[in-house]
Amino acid sequence: MKPIKVCLHKKGAHMLERNEAGKWFLDGKEIEEQQAIDELAEAVQDLGYWCQVAKDVLPDEYFEMVQESYSYQV
């Protein structure tokens, strides 16, 4: 498997990694695949929330940049 490393940008869980053997690690501690999926899903939901906040407070042209970034991440 191809190794991956993702910064989750969330409280209590920062770095999610998968090594070449397919084992998952959260902040250096081995976790089950289902927990890794759950952590990723929660991080994506949080990102969606912050995009909505950005829409409410940013001028339209800045919000469009946020939307581009969100689309790229998801």
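The values are calculated or read from the model by the stated rules, or taken from the named source; none is laboratory data. Keep in mind that what you see is a predicted model, and the values were worked out from it rather than measured. All Cβ positions, glycine included, derive from the backbone under ideal geometry; neighbour counts span all protein chains shown. Please note that ligands, DNA and RNA were not included when accessible areas were found on the heavy atoms of the full protein model with its side chains. Shrake-Rupley method; radii C 1.70, N 1.55, O 1.52, S 1.80 Å.
The set of residues in the range 7-30 being closer than 14 Å to Ala41 by Cα, open to solvent by less than 60 Å² (accessible area, probe 1.4 Å) and not aliphatic (A, V, I, L, M) consists of Lys10 alone. Filtering the range 31-43 to residues that are open to solvent by 50 Å² or more (accessible area, probe 1.4 Å), modelled with pLDDT of 85 or more and either within 12 Å of the chain's Cα centre (by Cα) or within 16 Å of Glu68 (Cα to Cα) (or both) leaves Ile37, Asp38.
Could you tell me whether Asp46 is open to solvent by less than 80 Å² (accessible area, probe 1.4 Å), at pLDDT below 75 and touching a His at 6+ places or on another chain (Cβ under 8 Å)? Criteria met by Asp46.
How many residues, within the range 8-24, are assigned to a strand (DSSP E or B), touching an Asp or Glu at 6+ places or on another chain (Cβ under 7 Å) and of a type in the set (Lys, Arg)? Final tally of qualifying residues: 1.
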